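Note sheet for the following structure.
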Amino acid sequence: MATEGTQHPLKIYWIMWAALFVLSTFSYLTDFMDDGALRTTLILTFMLAKAGGIVWIFMHMGWERLALKLAILGPPVAILVLIGMMSLEGEYVEDSRIDNYGESTFVPETPGH
């Protein structure tokens with residue numbers, strides 16, 4: 001942890017800048033891929049890696065105390081876990097509905113017709 005009056009070495013900022021450049025290049029290259037799960041996964045992975053690097057280095061989270069890290073990063077992680085659980089439950093509910101009631105035959109009408 002840096003004491004008061006000290007400065008972080010500039011080398012770490014240049015390394016992070018280069019890493020962000022490389023990750024942004026890879027993220028841009030995903031635009032040339034076909035739509036699908038792989039492309040979406042890569043886009044989200046690059047996005048999270050870039051956001052994590054920015055928070056860790058440029059927002060100085062890497063030099064904070066553990067309590068502050070947990071207070072800031074804990075709630076978003078908890079929300080992501082809950083979203084994942086809701087996604088799993090949604091699939092279960094939909095499968096259960098189809099098992100009990102069959103496939104839906106509902107076809108929505110276009111407004112004005």
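Quick note: the coordinates plus some simple rules give every number you see, no bench work behind them. Note that the coordinates shown come from a computational prediction; the quantities given were computed from them, not determined experimentally. All Cβ positions, even for glycine, are placed from backbone atoms using ideal geometry, and neighbour counts span all protein chains on display.
For the range 19-41, indicate whether the set of residues that are closer than 30 Å to PRO9 by Cβ, in contact with a Gly (Cβ under 8 Å, 6 or more places away or on another chain) and of a type in the set (Phe, Trp, Tyr) is non-empty. Within the range 19-41, none of the residues are closer than 30 Å to PRO9 by Cβ, in contact with a Gly (Cβ under 8 Å, 6 or more places away or on another chain) and of a type in the set (Phe, Trp, Tyr).
Here LEU23 does not qualify as within 25 Å of VAL77 (Cα to Cα), in contact (Cβ under 8 Å) with a residue 12 or more places away in the chain, touching a Ser or Thr at 6+ places or on another chain (Cβ under 6 Å) and not charged (D, E, K, R).
The set of residues in the range 75-102 that are over 25 Å from the mean Cα position of the chain (by Cα) and hydrophobic (A, V, I, L, M, F, W, C) comprises VAL93, ILE98.
Might you let me know whether the range 73-90 holds any residue that is assigned to a helix (DSSP H, G or I) and acidic (Asp, Glu)?
Yes, some residue in the range 73-90 is assigned to a helix (DSSP H, G or I) and acidic (Asp, Glu).
Just wondering, is there one or more residues in the range 35-42 that are part of a helix (DSSP H, G or I) and in contact with a helix residue (DSSP H, G or I) (Cβ under 8 Å, 6 or more places away or on another chain)? Yes: one or more hits.
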